[in-house]
Amino acid sequence: MPESNGIILTPVAPHNLNVRPFVISNSAKVSLSAEARDPDFLITLDSRSFTVPCGTIVELTRASFELNLVSFKEQSFFKTIRNKMGWGLDARTKKI
């Protein structure tokens with residue numbers, strides 16, 4: 001739910017099908033470091049890329065600001081989720 005005050009960490013193009021997004025508290029601090037054969041690795045955050053040495057610790061926390069989002073009266077979070085997930089649809093009457 002949009003009012004949940006949580007953070008979703010989502011891997012982009014994971015090379016392992018067991019890697020899934022997960023939800024953490026908005027007050028959590030996440031620390032990441034990478035190990036690789038190369039001395040450096042590339043990190044991309046908010047469309048900006050940086051080369052950093054292996055062993056560098058990157059800490060992720062919630063930003064100190066909030067965004068105002070546009071919402072439409074005819075749409076709601078649950079209506080959108082229901083339509084995308086197909087909840088309440090009878091597959092036997094679904095037209096192909």
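The values are calculated or read from the model by the stated rules, or taken from the named source; none is laboratory data. Keep in mind the model is a prediction, meaning the values are calculated, not measured. Every residue, glycine among them, receives a Cβ derived from its backbone with ideal geometry; neighbour counts consider all protein chains shown.
Of the listed requirements (1) of a type in the set (F, W, Y); (2) in contact with a Leu (Cβ under 9 Å, 6 or more places away or on another chain); (3) farther than 26 Å from P2 by Cα, F22 misses just one: (3). Quick check: is even one residue across the stretch 81-96 within 22 Å of S4 (Cβ to Cβ), at pLDDT 85 or above and aliphatic (A, V, I, L, M)? Scanning the stretch 81-96, I find at least one residue that is within 22 Å of S4 (Cβ to Cβ), at pLDDT 85 or above and aliphatic (A, V, I, L, M), so the answer is yes. Screening S76 with (1) at pLDDT 90 or above; (2) out of contact with any Ser or Thr (no Cβ under 9 Å at 6 or more places or on another chain); (3) surrounded by 11 or more Cβ atoms within 10 Å (Cβ to Cβ) gives one miss only, at (1).
Could you go through the stretch 44-62 and let me know if any residue there is in a loop (DSSP other than H, G, I, E, B), modelled with pLDDT under 85 and exposed (fewer than 10 other Cβ atoms within 10 Å of the Cβ). Yes - at least one qualifying residue is present in the stretch 44-62.
For P21, are the conditions met, namely being out of contact with any helix residue (DSSP H, G or I) (no Cβ under 8 Å at 6 or more places or on another chain) and within 26 Å of S76 (Cβ to Cβ)? Against the criterion (out of contact with any helix residue (DSSP H, G or I) (no Cβ under 8 Å at 6 or more places or on another chain) and within 26 Å of S76 (Cβ to Cβ)), P21 qualifies. In the stretch 27-37, the residue that is surrounded by the fewest Cβ atoms within 10 Å (Cβ to Cβ) out of those that are at pLDDT below 90 and not in a strand (DSSP E or B) is R37.
Kindly establish whether L69 is surrounded by 10 or more Cβ atoms within 10 Å (Cβ to Cβ) and closer than 25 Å to I7 by Cα. No; evaluated as a whole, the condition is false for this residue. If only residues of the stretch 3-26 that are modelled with pLDDT of 85 or more and of a type in the set (A, V, I, L, M) are counted, the one that is nearest to F65 (Cα to Cα) is I7.
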